[in-house]
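These notes concern the structure reproduced below.
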Amino acid sequence: MARQHRKRSLVSSSRRDNLIPFIPKEEEKVQTECRKILPEHPAEISATCTRVNVLEGHTESVFASLGRRASIADVRHAFAGAGNEARELGLPTAPAEWIKVHDDPFRPQPRLDRDNGDGMTTTVGRIREDDVLPNGVKYVLVSHNTRMGAAAGAVLVAEYLVVKGYTGG
């Protein structure tokens with residue numbers, strides 16, 4: 001028990017100016033949640049999750065093997081044109097755009113992009129080909145973990161369920 005406490009203390013005290021290379025159960029959660037969210041698009045998911053000292057925001061480096069070859073312009077267009085049923089339904093919490101695409105190779109960044117769409121928009125950048133994976137693309141994304149990933153995201157889901165008639169009353 002004392003050894004576990006030392007490990008936790010070391011991790012807690014080393015967060016400033018550091019990257020923690022392991023978050024227990026987070027990688028498994030990414031794999032499981034993706035399968036729950038996209039059951040009609042099964043994919044093999046591999047993830048490495050780290051903790052970096054930022055106030056708010058999740059940053060992900062994504063490497064994907066597409067079902068067919070797509071140009072970078074096609075991928076950008078698919079992201080920029082992502083449907084926004086929540087906005088079309090007039091849900092108050094819905095962002096104007098689900099995904100904002102950046103051309104700047106130094107974006108997205110949590111400090112600069114986590115509040116896009118009041119924290120409800122995911123920002124994508126550095127879209128490029130991946131020469132290792134078949135039909136591969138890679139990109140970086142930033143989303144707001146305590147708005148879209150938690151409270152406001154939950155409110156948006158509740159608004160959707162009410163409008164779609166899934167709630168009683």
| Output for region 9-40, where each listed residue is modelled with pLDDT under 80, surrounded by 10 or more Cβ atoms within 10 Å (Cβ to Cβ) and charged (D, E, K, R) | Arg15, Glu33, Arg35
| query | Checking Ser65 against (1) in contact (Cβ under 8 Å) with a residue 60 or more places away in the chain; (2) in contact with a Gly (Cβ under 7 Å, 6 or more places away or on another chain); (3) over 26 Å from Ser46 (Cα atoms), which test does it fail? | reply | (3)
| remark: Taking region 119-134 and keeping residues over 15 Å from the mean Cα position of the chain (by Cα) and not β-branched (Val, Ile, Thr) leaves Arg128, Glu129, Asp130, Asp131, Leu133, Pro134
| message | For a quick check of your reading of the model, give me the residue pairs whose first member lies in region 74-87 and is among the β-branched types (Val, Ile, Thr), whose second is outside any helix (DSSP H, G or I), with beta-carbon atoms closer than 6 Å and at least 6 apart or on different chains. | response | Val75/Ile127; Val75/Val137
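The values are calculated or read from the model by the stated rules, or taken from the named source; none is laboratory data. Being a predicted model, the structure only gives us computed values, none of them experimental. All Cβ positions, glycine included, derive from the backbone under ideal geometry; neighbour counts span all protein chains shown.
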